[in-house]
Every structure is written in structure tokens, then in C-alpha cells.
1. Being among the aliphatic types (A, V, I, L, M), surrounded by fewer than 20 Cβ atoms within 10 Å (Cβ to Cβ) and at pLDDT 95 or above is true for just one of A:Ala248, A:Ala265, A:Ala286. Which residue is that?
2. Just give me the residues in the range A:95-122 being out of contact with any helix residue (DSSP H, G or I) (no Cβ under 7 Å at 6 or more places or on another chain), of a type in the set (A, V, I, L, M) and assigned to a strand (DSSP E or B), in sequence order.
3. Taking A:Pro125, is it within 11 Å of the ligand (Cβ to nearest atom) and not aliphatic (A, V, I, L, M)?
4. Can you work out which of the residues in the range B:199-232 that are over 17 Å from B:Ile82 (Cα atoms) and of a type in the set (Val, Ile, Thr) is nearest to the chain's Cα centre (by Cα)?
5. Among the residues of the range A:90-106, which ones are near the ligand (Cβ under 10 Å from one of its atoms) and either within 11 Å of chain B (Cβ to nearest Cβ) or of a type in the set (Asp, Glu) (or both)?
6. Give the number of residues within the range B:179-192 that are surrounded by 22 or more Cβ atoms within 10 Å (Cβ to Cβ) and either hydrophobic (A, V, I, L, M, F, W, C) or more than 19 Å from the chain's Cα centre (by Cα) (or both).
7. Anything in the range B:229-260 that is of a type outside the set (Gly, Ala, Ser) and touching a Pro at 6+ places or on another chain (Cβ under 8 Å)? List them, or say none.
Amino acid sequence: MRLRPPGWLLCLLLLPWPLWQAHGSGFDYGLEPRLVAPDTWLVEGRREAFSRDNGGHIVNVAFIVTDAGVLLFDTGPSRRFGEQLRTAIARVTDRPVVHVFNSHAHPDHFLGNQAFADASIWALPDTREQIARDGDGLAENLYGLVGDWMRGTEVRQPDRSLDQALFEFGGHRLRLLAFGGHTGADLALLDETTGVLLAGDLVFYQRALTTPQTPGLDVWRQDLERLAALDYRLLVPGHGPLDREGRAVPQTDTYLDWLDGLLSASAEAGLTMNEVMQTPLDPRFADIALGRYELQRSVSHLYPRYEQRALEPVQKASPAPE
Amino acid sequence: MEKCAKGLLLATLLMCATANAAATEDPLGSPMWDYLRTRFLGDDRYRFDDRVRVELPPFAEDPTQVPVTVDASALAQPVSRIILWADLNPIQHIATLHPLDDRVAPSLSLRIKVQQATAVRAAVLAADGVWYLGGRFIDAAGGGCTAPSLAVADPYWESHLGEMQARLFSPYQPQGPGRARFRIIHPMDTGLVDGIPEFYIEQARLEDANGTPLMRLELSPPVSENPMLSFDTRGVDALRLWLRDNNGNSFAARVNGEGG
Ligand SMILES: [Zn+2]
């Protein structure tokens with residue numbers, strides 16, 4: 001798919017250039033990798049929704065630097081992001097990026113792939129299928145949300161399927177964990193050598209989680225039960241700050257439990273979608289960014305299932321005369 | 001002295017004129033307002049009034065299923081008609097309600113399609129002959145890691161057309177109204193997609209158990225696929241909903257109250 005600049009961009013180009021430059025600010029994502037564990041670097045995203053201001057830099061990206069090269073977990077929302085990430089990685093190591101993993105088929109996690117065409121790009125088989133099917137639409141949608149940060153972005157498919165449970169690379173022993181609660185195909189990666197768990201979007205921390213493709217909140221909660229049983233020292237969530245205290249998984253689970261309960265109880269009480277969207281937020285989640293916004297989105301995605309469960313098949317009445 | 005009195009009169013007149021303008025000037029500043037006002041209200045008297053409640057989220061997460069609630073109960077006078085429309089939809093009209101009985105509130109919740117960011121409005125014709133207008137703006141840029149509609153052409157509806165689910169809920173708050181919710185399988189095709197003719201439910205009637213009509217509705221294709229209609233009711237323990245589409249199919253369902 002080729003992305004065309006929208007009409008407003010043309011108008012913008014007609015503005016006097018200093019104004020234009022102030023607006024564009026060079027499309028610099030300001031990526032600063034931070035060493036968070038031995039060999040393990042994190043580029044932390046902002047706790048925000050997609051905007052023209054952040055260019056889609058709302059996602060966490062991590063990489064492991066080994067003797068055999070670099071392994072990268074997720075590539076960000078755009079070609080520009082991928083290119084700037086590549087540059088940022090080169091600032092901390094002169095080793096090449098050899099392996100790239102896409103945790104799942106959400107656009108902020110794989111649209112930076114273009115910048116790593118010389119690496120092997122891995123994903124779960126179902127993730128590859130989802131990207132092949134929906135990738136162009138997702139990219140186009142993101143263009144609408146963040147604008148010209150996306151220029152030149154095209155879907156670069158992951159070309160390798162992950163079907164093994166272990167991945168040994170450069171002296172790191174990585175356990176690959178295939179889940180599905182967030183999108184139907186969600187990869188988490190446990191580096192047994194360092195005790196770092198890269199959880200992808202199965203775990204959100206201090207940032208309200210998103211639900212557009214979840215097969216069901218119960219499925220997601222089962223995944224979290226398995227994640228909680230793992231032996232890890234540090235968890236990198238898909239969105240939000242890293243967690244050394246073991247709080248992120250319980251927070252995600254508590255939120256899912258609350259959301260599930262809210263949607264069930266509301267449907268059983270006959271509430272409309274608008275009424276549920278306006279429900280007061282639970283004070284337990286007062287510190288979590290984007291609570292109201294993501295509740296509105298989740299109600300939109302999930303409430304119809306709960307409504308249908310709460311309704312009953314009806315007796316057919318004989319059609320009335322007019 | 002005389003000059004002063006004249007000045008005062010003029011000032012008063014001006015103030016009245018300004019107050020009037022405030023109630024008749026579109027608070028949503030929509031470019032389509034004058035055109036659509038003429039189309040739906042003709043030359044009738046109208047005013048904008050916050051007591052006409054139109055609820056919808058600030059953004060359309062799924063532009064094919066935007067929840068809308070219109071409620072004119074707070075006007076506290078009988079209502080004979082409510083027209084619901086979206087200014088910037090290719091088909092603006094969404095629904096017209098004719099409340100016919102005190103046992104159903106002058107309100108409706110449903111889901112609609114929006115083509116782009118737009119004002120969504122309700123015009124309420126009250127007993128004093130004035131149209132009272134409420135409305136709200138919705139942004140349709142989508143949000144977050146939103147996917148495009150994944151619904152591929154699914155022939156499910158063909159064998160389930162007109163199947164209905166429903167339930168009559170007890171009041172959510174003591175002294176509050178009860179609620180009746182109906183869902184019907186129907187594609188509600190707009191006719192705007194190439195090769196798919198318009199096919200939608202155009203009429204509905206809510207009745208009590210004896211067949212006394214409580215509300216009559218005219219619907220348009222912007223009502224979402226598989227319509228979900230919610231009514232607020234008082235003192236009814238059974239209801240019937242009758243619907244007819246533009247191909248002449250008619251559907252009807254009966255629902256009894258909790259424990260009824
Ligand atoms: Zn995601």
C-alpha cells in the first residue's frame with residue numbers, strides 16, 4: 001500500500017516555511033534507549049493515545065545486545081520511528097540487529113519493520129496472518145491519527161514464523177510464550193538468562209489497556225495467570241513504565257476483572273452503551289492514564305457481546321396489521 | 001429625557017434580539033444547519049434547549065456503531081414528534097419518533113453510522129408548537145490501536161433475518177423507568193455501497209400487550225446493522241414491537257417483564 005498525504009498536508013506546505021517548520025519539528029521521536037538489565041535496553045513510549053504531537057510513540061520497544069548481534073522486540077509505529085530506532089541502537093552498540101520480533105499485529109508494534117529489512121523478522125503464525133490481512137488498513141488508520149510522521153511507511157511483513165518454545169541467541173536463552181488474550185496471537189518473551197519478561201500488550205501498566213481485538217477478557221485473564229506463574233525479575237509491559245515489583249500483572253488482571261464485571265452487571269441491568277461509558281471509574285485505577293478514554297473504547301468493542309448475552313430470544317408475535 | 005427613554009427602549013430591544021439569537025443560533029456551528037433546519041422543520045418556530053438531551057461519546061470508536069441516546073423527558077410537556085439526524089452524513093435522517101402514550105418516555109437509545117465528524121441532533125416538537133433542539137458533536141477520527149472493520153461479507157443474516165432478542169428490565173433506580181431493549185438481525189444496507197441495494201427497516205411500532213400503540217417510529221438506513229432499540233417505560237408488564245423493512249418483510253416480537 002502506498003500512503004498518500006492527506007489534503008491538510010498540502011495546505012500546510014503552502015504556509016510560510018518558518019511556521020511549517022515549527023509545526024513539523026523535524027519529526028524527531030527523541031528515542032533514548034535506557035539500560036534496564038544486563039544487555040537489555042528499553043525505549044519507553046509516552047503514556048498517551050496516538051496523536052499528531054507524539055507521532056505514535058506510545059509503545060515500549062526493547063532490545064537485547066549480545067555477542068552475536070542485537071535482538072529487537074517490536075519496531076514502533078512508523079518507518080521514521082524504525083529508522084530513528086536503528087540509529088539509537090547504533091549509538092549503544094556497533095553490532096547489527098540480527099533478529100526482530102513482532103509481539104502482535106497492532107500497528108505501533110510492527111510498522112517500524114521497514115528499517116530492519118536486513119534482519120530476520122519473526123512473529124507468531126497467526127500474527128503474520130493478521131498483518132497480511134489487516135496491516136494496510138491499520139497503517140492507513142494510523143496515518144489518519146498521527147499524520148505525516150507516517151510518511152513513507154509501508155507494511156513490511158514478518159517473514160519468519162515462530163513455532164519453537166526456545167530461542168537461543170548470543171548466550172541468551174529466550175523462552176517464547178504464545179498467548180492470545182489481547183489480539184488472538186500475542187507473543188511474550190522471557191529472557192531466562194537475565195530474568196527479563198518482555199510481555200508485549202498482554203500487560204499494560206499505569207496506562208489503561210486497549211481491547212479492540214481481544215477474543216474475550218476471560219481469555220486474557222487466563223494468559224495473565226500463566227504469566228504470573230513465571231519466574232522473572234523485571235517486566236517490560238507493552239505500554240507504561242517497567243515493573244520490578246511484580247505489580248503490573250496484578251494491575252492488568254484487576255482492571256480486566258473490573259471491566260468484565262462492569263460490562264456484565266450493566267448488561268444485566270439493561271444499561272445502554274452511553275450509560276456504561278459514563279460509569280464512574282473505579283478509584284483503584286485513579287493513577288492509570290487514559291482511563292475514561294479507554295473505557296469508552298472498550299465499551300464500544302465489547303459491550304455488544306454482553307448485551308446479547310443478557311437479552312433473551314423472544315416469542316414471535318403474529319405480525320400486526322398496519 | 002425622551003432621548004434617554006428611547007435609548008433604553010432600543011437597548012432593551014437589542015437585548016431581546018440578542019437573547020433570541022442565542023436560542024436560535026446553532027451552538028454547534030455546523031455548515032449544514034440552515035439547510036437541514038429548513039428541510040426538517042420548515043418555517044416552524046424553534047429554539048435550542050439543553051433540556052433536550054442527546055448523548056453520544058466524544059469520538060466514534062466504531063463509526064458503524066455509534067451509540068446515541070435522545071431524551072426529551074426534561075421538557076416536561078407533551079411531545080408529539082422527535083426527529084433525529086446527523087448533519088454531515090450522506091443520508092442525514094436517522095429516525096423520527098412519535099410518542100403516543102405516557103407509558104413510554106419521549107426517548108430512544110440506538111446505534112447509528114457516521115461517515116465523518118458531525119453534529120448529531122434531535123428536534124423535539126412539543127405541545128406549545130415549538131421545536132426544541134438538542135445536539136452534540138462527534139469526532140469520527142477513530143482512536144488508539146483501532147482496526148478497520150474486520151467484518152467481511154458474512155451471509156449469517158440471510159438465514160437469520162428478522163430474528164429478535166429482547167428483555168424488559170426492572171427499573172434501574174427505584175422510582176425510575178423500566179427499560180425495554182430489542183435487538184433484531186437486519187443488514188440495514190444504505191444503498192451507498194456499490195452493488196448493494198438499500199435494504200433497511202423503515203417502520204416500527206411499540207405496543208402494549210393489548211395492542212395499544214405506545215410509540216411509532218420511522219427509521220432510515222443510518223441506523224446501524226442489527227438495530228438495538230431501547231425504550232424507557234412505566235407501568236407496562238408486557239410489550240410488543242412490530243417492524244417492517246423496505247422490501248415488505250414484517251417482524252414482530254413480544255416480551256414480558258421480569259417475573260412476568
Ligand atoms: Zn496492542
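1. Matching residue, one of A:Ala248, A:Ala265, A:Ala286: A:Ala265.
2. First, the residues of the range A:95-122 that are out of contact with any helix residue (DSSP H, G or I) (no Cβ under 7 Å at 6 or more places or on another chain): A:95-96, A:98-99, A:101, A:106, A:108-109, A:117-120, A:122.
Then keep just the ones that are of a type in the set (A, V, I, L, M); that gives A:98, A:117, A:119.
The one that is out of contact with any helix residue (DSSP H, G or I) (no Cβ under 7 Å at 6 or more places or on another chain), of a type in the set (A, V, I, L, M) and assigned to a strand (DSSP E or B): A:Val98.
3. Numbers: within 11 Å of the ligand (Cβ to nearest atom): no; not aliphatic (A, V, I, L, M): yes.
The answer is no for A:Pro125.
4. B:Ile201
5. First, pick out the residues of the range A:90-106 that are near the ligand (Cβ under 10 Å from one of its atoms): A:103-106.
Selection gives A:His104, A:Ala105, A:His106.
6. So the answer is 4.
7. Of the range B:229-260, the ones of a type outside the set (Gly, Ala, Ser) are B:229, B:231-234, B:236-237, B:239-247, B:249, B:251, B:254-256, B:258.
Scanning the range B:229-260 gives B:Asp232, B:Thr233, B:Arg234, B:Trp242, B:Phe251.
One line per residue, one yes/no per condition, for (1) within 14 Å of another protein chain (Cβ to nearest Cβ); (2) among the polar types (S, T, N, Q); (3) crowded, with 19+ Cβ neighbours inside 10 Å:
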residue	(1), (2), (3)
B:Leu36	no, no, yes
B:Asp43	no, no, no
B:Thr64	yes, yes, no
B:Pro67	yes, no, yes
B:Ala76	no, no, no
B:Ser80	no, yes, no
B:Leu97	no, no, yes
B:Ser107	yes, yes, yes
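The values are calculated or read from the model by the stated rules, or taken from the named source; none is laboratory data. On a predicted model such as this, the values are computed, not experimentally measured, just so you know. Note that each Cβ is placed from the backbone with ideal geometry, even for glycine, and that neighbours are counted across all protein chains shown.
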